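Input: a single structure, listed below in C-alpha cells.
The values are calculated or read from the model by the stated rules, or taken from the named source; none is laboratory data. Note that the structure is predicted; figures quoted are calculated from it, not measured. Neighbour counts are summed over all protein chains in view; Cβ atoms, including those assigned to glycine, are modelled from backbone coordinates with ideal geometry. Ligands, DNA and RNA are stripped out before the accessible areas are found, and what is left, the full protein with its side chains, is counted by its heavy atoms. Shrake-Rupley method; radii C 1.70, N 1.55, O 1.52, S 1.80 Å.
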Amino acid sequence: VPGQTVSELERRYARRGPAILELLRQVRRTRRRIAAADIDRIAAETGLPRAHVNGAASFYADLGFDDRAERHVQICDGTACFAARGGRDASVVETELRAAEADASTQPVYCLGYCYAGPAALDGESPHAGPDLVDQLLGRASPADPEIPFQSQVDEPVVFAGLTGGEDPWDAWHDVLAAGDRGRVIREVLESGLRGRGGAGFPAARKWQTVAESRTPGPRYLICNGDEGDPGSFVDRLLMERDPQRLLAGMALAAYATGAEHGYVYVRSEYPRARECLVEAVALAREHGHLGPDLDAAGTRFDVEVFEGAGSYVAGEETSLIHSIEGLRGEVAVRPPYPTDRGLMHRPTVVNNVETLCAVPWIVARGGAAYHRHGVAGSRGTKVVCLNERFRNPGAYEVELGTPLRAIVEDLGGGIAGEHELRSLQVGGPLGGFLSPAQLDTALGFDALREAGVELGHGSLIAIDERASAVDLLRHVWRFAASESCGTCAPCRVGTRRGLEAVESGGRAVAEQELLETMRLGSLCAFGRSVPQAVRSLQRTYAGELGVRS
Amino acid sequence: MTVRASVDGDDVLVEDGATALDAIRAAGAEVPTLCWDERLRPYGSCRVCMVAVDGSPAPACSTPLADGMEISTVDPPAREVARGALELLVSALPERALDVPAERSELVRACDALGIDRDRFAGARRSGSVDHSHPYLKYDPELCITCARCVRMCDEVQGTFALAMVGRGFETVMAPGTHGGDWSDSDCVACGACADSCPTGAITEPGLLDPQPIERTTMTTCGYCGVGCTLDVHVRDGEVASVSPSLAGPVNRGHACVKGRFAHGFARSGDRLTTPLLRRNGRLEEASWEVAIEYVTRELRRITGDHGPNAVAAISSARATNEENYLLQKLMRVAIGTNSVDNCSRLCHAPSSAGLIASLGLSGGSNSFDDFDHADCFLLAGANPTEAHPVVGARIKQRVINGASLIVVDPRRIELGSYADVHLRGHPGSNVAVFNGLAHLLLAEGYADEAFLAERADGLAELRELLADYTPEAAEEISGVPADQLVAAARIYGEAAHSAIVYGLGVTEHAHGTDGVRTLTNLAIMTGAVGTRDGCGVNPLRGQNNVQGASDVGALPDLLPGYQRVSDDEAASRFERAWGVTIDRKPGLRIPEMFDAALDGRLKALYVFGEDIAQTDPDSGKVEAVMEACELVVSQEIFLSRTAERADVVLPGASFLEKDGTFVNFDRRFQRARPALEPPGDARTDFDVIQSVAQGLGTDLGCPTPADAMRELASLAPLYAGISHERLDREGPLHWPCRSADEPGEATLYMDGFATPNGRAQLAAKPYLPPGEQPDASYPFLLVTGRRLVHYNAGTMTRRTDNVRLLNAERVEVNPADAERLGVGNGDTVAVRSRRGLVTLGAHVTDRVAPGELFMSFHFPDALANSLTSDAVDDVTSCPEYKVTAVRLDAA
C-alpha cells in the first residue's frame, strides 16, 4: 500500500500522522492557498517525506491546491438537499451567489447533515439551512440553524436513552470496571445480536473478540467512525452533538473488551459542531474520572482523542479512515490484512460506527437479552432512521428493526409535505439504492432490504418527489460516485468517470451493463461495488422514464 | 506448512501464507498482472488478475490461499471482469500507450493476453506533460495507470519516499517530490527501482526511449561497490542500452543503485584508452602492443637482473576479477620471483582481515546478507551504507522501519542516523573507547552470554580487567559520546536476540584500525551473536566490487591464494610444486612499504593494475614522488588517470562490463562476471594483458582462460575447492568456504567452531590509543574523508557518466557554528590546509558534521582530498588513517 511503509515509518519513530492534516488545515485557515513551500515546511516539521505530504494534501477536499477566498462556503450537494431543490444540484446555489457578486469561494460538499431542513451550506464554520438558503448566505434573511428533531418509538429508548432523559451512560462503565470482568462486555453484546450500524452490519462483538484475541503484539486501538458520510443520515451528528457522553462510554466499554487503551473519534470536518461537542465531552469525561489513566485498582487506562477529517466520503471505509488518521491519503487498502489484525499503526484496531457504540452502554446495563428482544431475526435491536425535509415530519426516529417502511414513511414521517407526491425512496444513502412507493411494505432490516435490492446503510430514508427527474437523479448518483472515488482501483476510478460522462453526454454508456458488472465484481471496496446496485435500483424505479431494459 | 489448492483442475501444493497468484504460478498457469511485483506487498488495485476462487471472481494477487481452494484462471465471468477492468484502465490512456514494444510494457502484454486491442469506452483521458528534468528518469504522466508500483518500490524497497500518488478519483496520478515540482527537485536518489517496475513505460530511462529492440542481455555482477548486485546488461549496437537489476540476484533481489543501474556510460566514453601508450621524450605516445610489452618486459628483466626480484612490486586491482588477480600475483611470484604484490584492501579493510582472522579465524564477514532478514538489531559503525552501499543501506532501512532496532556509531549525521534508536557521535578516532565502553556495559549489566563465553571463547579474564577502566564516564571522556547514550546503546544491543554488527571504513581506516575491528568484534563474541544460529555476526562492508576477492586469491605480500601464509612451509611447497618455482618464505612489501622502498631506492619498478594511486592513496604529493623515483611505472588502466599520466607505460585494459571471470562480494560470495561488451579499440581484457606480459618475460602462466584460472585456484586453495565457473553458471553464486563440489558453501561461518588455531573465538583486550594526528592551534579541525552516493572512489567511472549532472563538484562539509565563526557562507570557496597539502573548494554548511569536524569525498581530482590526508597508518596492517587528518579552514 503506498503509504503503508510511511505509516510504519511513523510508528517506528513516533512521528504521528494527524499533524500533517492539521498543519495543512492551519494553512487553509490563514491563507488563500496551500503552496509548495507549505508542503516542504510541513514535511520538514513532521519529519515525513514531502512527496507523501503532497499526496495527502491533494487528496482531501478541504485541503488541495486551489485558490480560496477568505470567505469559503461549502454548499451541501447531498441527496436530501438535491431533493429539497427539486432535483437541482449545488451549482445553482453557486450560480446565484456568483450573480450576487458575493465575495466568497464555493465548493460543493457531501453532506452537512441538515437533511431534515435543507438545503444547507456551511459558511466558514457556520451552518445555514432552509428554503431561503441563498438569502441567508447573502444576508437577506436571518440565518437559520435548526436543531435535529428526534423521537424514539421504542418503550425503553436504547440509542436515544440519554436524549430522552434516561440513565447516566457511565454507570455501566463503572459497574464493569468495579467487577473487573473484561469478558462481560463481549458476552452481553454477543448475546444482544448487535450488528454494526455503519452499513456493513458486521456483528460488533465478533470484531472485538478478534482484536482481543489477536496475536499481533503491541497496543490495540479503538476508533469511532464519526465520518457519517452517507448523505441523508444525521443520526451520528445528533448523537455526537447531543449525547457525546454515551458515545464515549460506549467506546470505553468496547476498549475494555478489546484491551485498547487509546481511542480516536474520527469526526468529519463537515460537522464542526460535533467536533466541538466531542472535544468538550472528552475534557468533561476526564474531569469526572471516566477517562484517563488509573481508572481502577488494576491501573486500567483509556483515553480518547478527537480527530477531524478533511473531506472525503471514502474515509468512512475503515482502511481509508485509518490512513486518514495516520495523515496519509484516504485510500482504501486491500484486505486482508483486516484492521482487526493490522490496523492503525499496524496494530489490531476496532473501527465502530457512532450509533453502534451508543447502543453499548444500554446493552451492558440491561443485558444483551433485553436488546435481543427488539427487532427480528438477523436484525436485532433498534435503528435510528433519518427522514429528510420532504417528509411532513422530518427528523431522526429510533424504531425497532423489522418495522415496515410504510409505517415509518406514512405514520412517523407523515408522508410527503405539501402538494407533492412520493416518487421514490432512497434508502441507505447514495450507494444504498432506490425503492418505488410500491415497495414500502418491505421491512427495515439488513436482509429484507437486500432482498428488495437496496442496503440499510446508515438508515437514511430520503423521500424524493416528482420534481426530480430520473436523469437528474442518475447524474446525481454518478457525480457523487465520481467525486468521491478514492482512485485506487481501476474499475471504480475510471468506471465512475465513464458513468458520469455517459449521463452528461445525454446518452447511456456504450457498454453500460458491462461497466456496471465490472464495477460490481471488480472494485476493491464496497464503494465501487455498491454504485452499480444504486444505479440499477434507480433504473428499476424509474424504468419508464429512463427507458432502460431492466 | 503447505496448503493444497486446485488450479484449473490441477492440484498444487504451496507454502502457507501464499496467495492464489502464487498457486497459479506454482501450477504453471498464467494470469496477467499489472499492479503486482514480487518485490512488493500485494496491492490489488488493477483488478486485472481476476480469477474465479471457489466460483466467485476475486483478484489472485491479494487473495490468501486457503486449503482446498479451487481456482480457475479460465472462468468466463472472472475473465470478463478482468477484461472490463483492463479496458477501463486503458480507456484513460492515450493510444500510444499500446505502441510501446511489448517487451517493455506489461500493459501491452496484458492487453495481448486478454485480447484487448482498443477499448470500448470513449471519454476523458489522462493529460500531463512529460518530465525530462532528471538525467536518468523520464516521466510521462499520461501513461500512468496509478498502480503505485513506483511509489511502493520507492517506499518498500528503496526507502527514499520520493514519490507519491496525488489527486483522487479519476485524476489520481503519481507525482514526484513536492507540489508542482520537477522530478529533479524531488528526494529521488536515482536507484531506478520505479522505472524498473513501471508496467507501462510511464517512467523510463534514456536508453529505452529508442523503440529499437535490445539485441542481447548479459547477466553479470556489478563493478562498483562490494555489495555485488546481479545486473542484466541490455546491449544494442555494441553499446549498453540499459542495465536492470536482476530479479534472480540473490544479493540485490532485483534492486540496484544509481551507480550500478545508470552509470554505465563510461564504458564507451570517448577518452577510453584504446591503445598502449609509451613515454618517449617525456611524453606518452601511442604504441603497438608488441612495442609496449617488449618495453615493459625488457625493463623488468633489466631491473630484476640489476637489483633482484624484490626491486619490482605490483599493486593489483580490487576492481578486476579473481582470475586476473590470481594471474597477476602468479606473475609476480612465478615470472618475477617476488612476494611484493598487494591490493587496495591494504588501504581499506586490511584491518578487517587481520582483526577478523585473529578474533574469529577467517578474513571475511561472519554472516550472509540474507541473515539481515531476521536481524532484530543493527549496530552500524563507521559506515554510511545508504550512500556507499546503497542496496545494503536500503535493506537495513527497511528492516529498521519494520521494527529492528538501530545503533549508529559515526561522528557524522548520516542518513541512517535519523532512523537510529541511538546515534553515538564520538570524536573521529575514538572507536576503541566507544566499543570498550559498550563492552564494559555488556558485562556490567549482565548481557554477556556466560555459557557461550565459557564454551567457545578465550580472553575474558584479560578483557574484564581492561574493561574496568572503560566506565561509561571514562568512555565519554575520551570519545565525547554521552554516557547515557552508551548505556542506551549497550542495552539495545544486549537485549537483542538477533543482533548484527555492520561496519565500514570508519572502523578500519585508523592508526589503530585493527584494534577497532577487534574491540567491535568483542561485542558479538560477548553476546554469543557470532557463530550461532541466532546471531547475525560481524559484517564488514567492502568498498570495491572485488576487494574481498583480490585478497582471497592472494594478491597480498604475505599470503598465497586462499589465505595460506608464504611462511607456511607446507602451503608454500604445495604452490612451489604446482608452479615449478621457489617461493620466498618472507613476505613481500605492503603498499606503503613499496612507497618507502621506492623513495629509498630499493624499489625500481612498480606495476599498477587498475588503481589510481595518485588520487586515492594518502598524501598524494608523496605518491607522485614515488612514481618519480621509480625507473619503471606501468599503469594498466581504462582511462588516463592521474596515475596513468605519470606512468612510463600505459596498457589499456577492460572495464567490468567487458570481463569474464568472478568477483567476491562483501559477504564472501563468488559471483560471475560475464562480458556484455568487447573492450574498445585495441584494448584487451586485463587477463590477456597479464598473459602478454608473462609471455614477454618468457613465462608460461598456464590458465589459458579465466575458467582455467579459477580451476587452478580451486585446486590450490582448499577454501574454494568446490567452486568453478561451470558450477556458478549452473547453480548461481556460492559462498566461500566451499571445500568441495558437493558442498553448498558456508553462508554463515563458525557454526561448528571458530577457525582460529584452537577453534575458540579470541576476545581482544586492546586499550584506546590516540589517532596519528590531533587537532592543534595551527590545524584546529579534524577532516574525515568518505564517499558520496552518486560517485565512486576516484570517480574515473562515474565522472564520465551523467552522474555529474547529479553532482558535479565536491564541497567540504562545515558545521554552521564553525562557518559562522569563520565567516564562511554556504557555497563560498574555502581553503583546507593540512601539514601536507592544500585544497581549495566550495563549502557546504550543514549540521551533518559536528563542530570542529569537516568532511569531504575523494571523488574529484580538482578537490584532491588525499593531498591532505595523513601518512599515519594502522600499527598492525599499515592501513592509512584516512579518517583523521588535522586541517585548518580559511575563507579563500
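Summary table below
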| item | result |
| --- | --- |
| q = 0.12, 0.20, 0.21 Å⁻¹: log10 I(q)/I(0) that the Debye formula gives for segment B:91-234, counting C-alpha atoms only | -0.54, -1.36, -1.45 |
| Prolate/oblate/rounded label for segment B:768-882 (Cα gyration tensor, a/c 1.5) | oblate |
| Rounded to whole Hz, the Karplus (6.51, -1.76, 1.60) HN-Hα couplings of segment B:245-261, x for glycine and proline | x, 7, 5, 7, x, x, 7, 8, 6, x, 10, 7, 9, 4, 7, x, 7 |
| Dipole of the protein assembly as shown, positive direction: furthest Cα of B:19, B:274, A:490, with charges on the beta-carbon | B:274 |
| Solvent-accessible area buried by A and B, counting both chains, probe 1.4 angstrom, square angstrom | 4600 Å² |
| Amide H within-cut-off set for residue B:254, under 5 Å, with H built and near neighbours excluded | B:246, B:249 |
| In order through segment B:11-27: 3J(HN,Hα) via Karplus (6.51 cos²θ - 1.76 cosθ + 1.60), integer Hz, x for Gly, Pro | 6, 9, 10, 9, 4, 4, x, 6, 9, 4, 5, 4, 5, 4, 5, 4, 7 |
| Carbon plus sulfur fraction of accessible area for the protein assembly as shown, probe 1.4 Å, in percent | 48 percent |
| Debye-sum result for segment B:229-313 in log10 I(q)/I(0), which assumes one identical scatterer on each alpha carbon, at q = 0.12, 0.20, 0.25 Å⁻¹ | -0.67, -0.89, -1.17 |
| Percent of Cα-Cα distances greater than 21 Å, calculated over segment A:279-343 | 46 percent |
| Percentage relative contact order, segment A:140-277, counting C-alpha pairs under 8 Å, at least six apart | 26 percent |
| Extension gain, residue B:465 back to residue B:625 (0.36 nm per residue minus Cα-Cα distance, nm) | 53.0 nm |
| Under-5 Å amide H pairs with residue B:565, H placed in peptide plane, nonlocal only | B:560 |
| Of every Cα-Cα pair in segment A:384-424, the percent that sits beyond 11 Å | 62 percent |
| Full-stretch length increase - residue B:484, residue B:127 - with 0.36 nm per residue and alpha-carbon distance subtracted | 122.9 nm |
| Segment B:304-363 - Rg and Dmax from Cα coordinates, angstrom | 13.7, 44 |
| Convex hull per residue volume in Å³, alpha carbons only, for segment B:725-836 | 263 Å³ |
| Column: log10 I(q)/I(0), Debye, Cα scatterers of segment A:384-454, q = 0.22, 0.25, 0.29 Å⁻¹ | -0.99, -1.29, -1.64 |
| Distant-in-sequence amide H partners of residue B:378 (H built 1.01 Å from N, under 5 Å) | B:405, B:406, B:407, B:500 |
| Reach of residue A:207 by Cα under 12 Å, taken over aspartates and glutamates that are not fewer than 8 positions away in the same chain | A:341 |
| Relative contact order %, chain B, counting alpha carbon pairs below 8 Å whose residues are six or more apart | 13 percent |
| Shape category assigned to the protein assembly as shown from the gyration tensor of Cα positions, a/c cut at 1.5 | prolate |
| Tail beyond 37 Å, pair distance distribution of chain A (Cα, percent) | 27 percent |
| Overall form of segment B:526-603 per C-alpha gyration tensor (a/c, 1.5; a/b vs b/c) | oblate |
| DSSP loop GluC sites (Glu not before Pro) with at most 14 other Cβ within 10 Å excluded, longest remaining stretch of chain A | A:168-418 |
| Efficiency of FRET from Cβ geometry, residue A:45 and residue A:71, R₀ 35 Å, rounded to 0.05 | 0.80 |
| Straight-distance crosslink candidates among aspartates and glutamates, where the alpha carbon sits under 15 Å from residue B:766 and sequence neighbours closer than 8 are dropped | B:458, B:462, B:465, B:469, B:515, B:874, B:875 |
| For the protein assembly as shown, share of DSSP beta bridges that run antiparallel, in % to the nearest 5 | 55 percent |
| Cut-off 13 Å between beta-carbons: net charge of the residues surrounding residue B:864, Lys and Arg +1, Asp and Glu -1 | -2 |
| D_trans [Stokes-Einstein, Kirkwood Rh over alpha-carbon pairs] for segment B:479-626, 10 °C, 1.306 mPa s, µm² s⁻¹ | 84 µm²/s |
| Qualifying aspartates and glutamates (Cα of each under 14 Å from Cα of residue B:604; at least 8 residues distant if same chain) | B:299, B:306, B:593, B:596, B:628, B:631, B:648 |
| For segment A:61-203: span of alpha carbons on each principal axis (Å, largest first) | 64, 37, 26 |
| Computed helical MRE - 222 nm, chain B, DSSP H runs ≥ 4 contributing -39500 (n - 2.57), nearest 500 | -8000 deg cm²/dmol |
| Mean residue ellipticity (222 nm) of chain A, computed from DSSP H runs ≥ 4 via -39,500 (n - 2.57), nearest 500 | -12000 deg cm²/dmol |
| Hydrodynamic radius of chain B per Kirkwood, over alpha carbon pairs, in Å | 28.8 Å |
| Potential extension, residue B:374-residue B:16 segment - 0.36 nm per residue separation minus Cα distance | 127.0 nm |
| DSSP bridge pairs, chain A: antiparallel proportion in percent, nearest 5 | 50 percent |
| Principal axis dimensions, segment B:639-682 - Cα atoms, whole angstrom, descending | 36, 23, 12 |
| Alpha-carbon centroid distance for the pair segment A:62-123 / segment B:117-140, whole angstrom | 34 Å |
| Relative contact order (%) - criterion: Cα under 8 Å, at least six apart; region: segment A:391-550 | 22 percent |
| Whole-number D in µm² s⁻¹ for segment B:329-383, Kirkwood Cα-pair radius fed into Stokes-Einstein, 4 °C, 1.567 mPa s | 92 µm²/s |
